[in-house]
Amino acid sequence: MSLTYKDITAAAERLKGHVLNTPFYHSQRLSAATRTQVWIKAENQQYTSAFKERGALNKLLSLSDDERARGVYAASAGNHAQGLAYHGQRLGIPVTIVMPRGTPFVKVQKTQSYGAKIVIEGASFDETSAYAQKLCRDAGAVYVDPFNDEIVMAGQGTVAIEMLKAVPEIDTLIIPIGGGGLIAGMAVAAKAIKPSIRIVGVETVMYPSFHTRRNGLASPVGGSTIAEGIAVKDIGERSFAIADPLVDEVLVIEEADFERAIAMYVNVEKTVTEGAGAAGIAAVLRHPEKFEGQKVGLIMTGGNIDMRLLASILQRELVREKRLVTYRILGDDRPGMLSQMADVISSKGGNIVDVAHNRLVLDVPAKGAEFDIMVETQDARHAHEISEALRNTGYALRMD
């Protein structure tokens, strides 16, 4: 089967009252920062904090009574698992989720809390998916693919209907690409409503599966990314076939871009997004010339991010902006030296966060010491002022 606009409007009608028509709002601050008119669709406000509920629920609601009784299976360690488990529990449909070994316990626990049966198997998504499909066949149940299913794509496509109904003047939609289900569904809906609209996909540099398939490339795929929601090695065959003719451009984004975008959502919008959810603003920040002056719709696809990872990203952004700086000072190991450095930093308005005192570094004289002093500063200019003041003490200095 293929995917039509009629399928997506039917899905929208089916999902009414079951999922949120999430806010789609204009961000004055992001618009000013990027010289682009930016609207944000806050899918992180769904009950399970991600858009995946839409496709999962549309699939569940399409099942016959017999299929519902037999239950559903899926392979997922993330938002698809939670969306399927939550709505399966609501509808009284048994849900079994197969997760790969090494899935964080918090994700296992959260999916279990929605009533799903969890099976841990496979070292990779491909292994996990193959095992889940075998279990599903053996049980005579229904397999719910996270992206390579037209009914799931139709559910995801309802996001575009809501966006363009709220703000018809949108010129461009920027959509994250993992397995391709979201961009396929949204592209079909958006082009049917407004044929002139520009569809831009975003992938992480570690998993450019759509880009490589479209261009006949053999780029390496894999690695650890903070955008794990779109870390898919192979684009879905069906989703690619549907999306490819409709997608105007695909941008491949670096890890640092995702980090910067997550931090910007926290600092500017005061909201939390996962890595994949920040793909849209990451693309605008990396390629401002492609979007300047346009009316752009972004999808904050989910907010399920590990709190330790979020804390690390925010700290790394402080380092990037030179608001958290480590000064390495080589000097004599004598009483009062550290106090002198602290006085200099204090006199310039810096706030000492941490100090490491190392006497055992071999490239430092035996009577010397190495100090790493982490300082909170106002900005790069302030950090430079402190470094110059420290250099004026006569000690060797390196600034990280």
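As I understand it, the dipole of the chain uses +1 on the Cβ of Lys and Arg and -1 on the Cβ of Asp and Glu, about the Cα centre. Which of 131, 303, 387 lies farthest toward its positive end?
Of the listed residues, the answer is 303.
Which of the listed residues, 182, 288, 261, is farthest toward the dipole's positive end in the chain, when Lys, Arg count +1 and Asp, Glu count -1 at the beta-carbon?
182
PRE reach from residue 2 (point 7 Å along Cα→Cβ): which of segment 236-267 fall under 17 Å by backbone N?
Once the point is set 7 Å along Cα→Cβ of residue 2, 237-247 turn out to lie under 17 Å by backbone N, inside segment 236-267.
Can you give the FRET efficiency to the nearest 0.05 for residue 213 and residue 268, using r as the Cβ-Cβ distance and R₀ = 45 Å?
Working: r = 34 Å, r/R0 = 0.76.
After rounding to 0.05, the efficiency reads 0.85.
Please get the size of the charge dipole for segment 158-288, origin at its Cα centre, with Cβ charges of +1 on Lys and Arg and -1 on Asp and Glu, quoted in debye to the nearest 20.
Numbers: 11 positive and 16 negative charges, 61 e Å.
For segment 158-288, the charge dipole is close to 300 debye.
If the viscosity is 0.890 mPa s and the temperature 25 °C, what translational diffusion coefficient in µm²/s does Stokes-Einstein give for segment 270-380 when Rh comes from Kirkwood over Cα pairs?
Numbers: Rh = 17.5 Å.
Approximately 140 µm²/s, per Stokes-Einstein.
Could you tell me how many degrees, from 0 to 90 and to the nearest 10, lie between the Cα long axis of helix 380-391 and the main elongation axis, the longest principal axis, of the Cα atoms of the chain?
Approximately 30 degrees, to the nearest 10.
Round to the nearest 10 and give me the degree value, 0 to 90, for the angle of helix 5-15's Cα axis relative to the longest principal axis of the chain.
80 degrees
With +1 on each Lys and Arg Cβ and -1 on each Asp and Glu Cβ, and nothing else charged, work out how big the dipole of segment 63-164 is about its Cα centre, in Debye to the nearest 20. If you can, show how the numbers build up before the last one.
Working: 9 positive and 11 negative charges, 92 e Å.
Its charge dipole is roughly 440 debye.
For the chain, with only Lys/Arg (+1) and Asp/Glu (-1) charged at the beta-carbon, what is the dipole magnitude about the Cα centre, in debye rounded to 20? Walk me through the numbers before you get to the answer.
Working: 44 positive and 47 negative charges, 125 e Å.
The calculated dipole for the chain is roughly 600 debye.
Based only on Cα atoms, what Rg/Rh ratio does segment 322-399 have, Rh being taken as Kirkwood's radius? List each step's numbers first, then the result.
Numbers: Rg = 11.9 Å, Rh = 12.5 Å.
Ratio value, two decimals: 0.95.
What number of lysine-lysine pairs in segment 14-125 show an alpha-carbon separation below 23 angstrom, given a sequence spacing of 8 or more or placement on distinct chains?
Final tally of qualifying lysine pairs is 12.
If I model a spin label as a point 7 Å beyond the Cα along the Cα-Cβ vector, how far apart are those points for residue 352 and residue 326 in nm?
Each label point is offset 7 Å from its Cα along the Cβ direction, giving 1.7 nm.
Using only Cα atoms, locate the centre of segment 117-162 and the centre of segment 221-278, then give the distance between them in Å, rounded to an integer.
Each part reduced to its Cα centre gives a spacing of 20 Å.
In whole angstrom, and with the biggest value first, how far do the Cα coordinates of segment 52-143 range along each principal axis?
That works out to 35, 26, 18 Å along the principal axes.
Over the chain, with a Gaussian network built from C-alpha contacts below 10 Å, which listed residue (175, 281, 329) shows the highest mean-square fluctuation?
Judging by the Gaussian network model, the answer is 329.
Could you tell me the convex hull volume per residue, in Å³, taken over the Cα atoms of segment 172-212?
Values: hull volume 2.4 nm³, N = 41.
Normalising the Cα hull of segment 172-212 by residue number yields 59 Å³.
So for segment 31-112, taking the charge dipole from beta-carbon charges (+1 Lys/Arg, -1 Asp/Glu), which of 79, 33, 62 sits furthest toward the positive end?
The one lying farthest along the dipole's positive direction is 33.
Sorted by average packing, counted as other Cβ atoms within 10 angstrom per residue and highest first, what order do 43-51, 147-155, 236-244, 212-220 take? Can you show the working numbers first?
Details: 43-51: 23.2, 147-155: 26.6, 236-244: 21.3, 212-220: 11.4.
The peptides rank, most packed first, as 147-155, 43-51, 236-244, 212-220.
By how many nm would the segment from residue 372 to residue 139 grow when fully extended, if each residue of separation counts as 0.36 nm and the alpha-carbon distance is taken off?
Working: separation 233, 0.36 × 233 = 83.88 nm, distance 5.98 nm.
Computed gain between residue 372 and residue 139 is 77.9 nm.
Bear in mind these aren't lab numbers, they're just calculated from the coordinates by the rules spelled out. Just so we're clear, the structure is a prediction, and the values are computed from it rather than from any experiment. Positions of Cβ are generated from backbone atoms using ideal geometry, with glycine treated the same way; all protein chains shown enter the neighbour counts.
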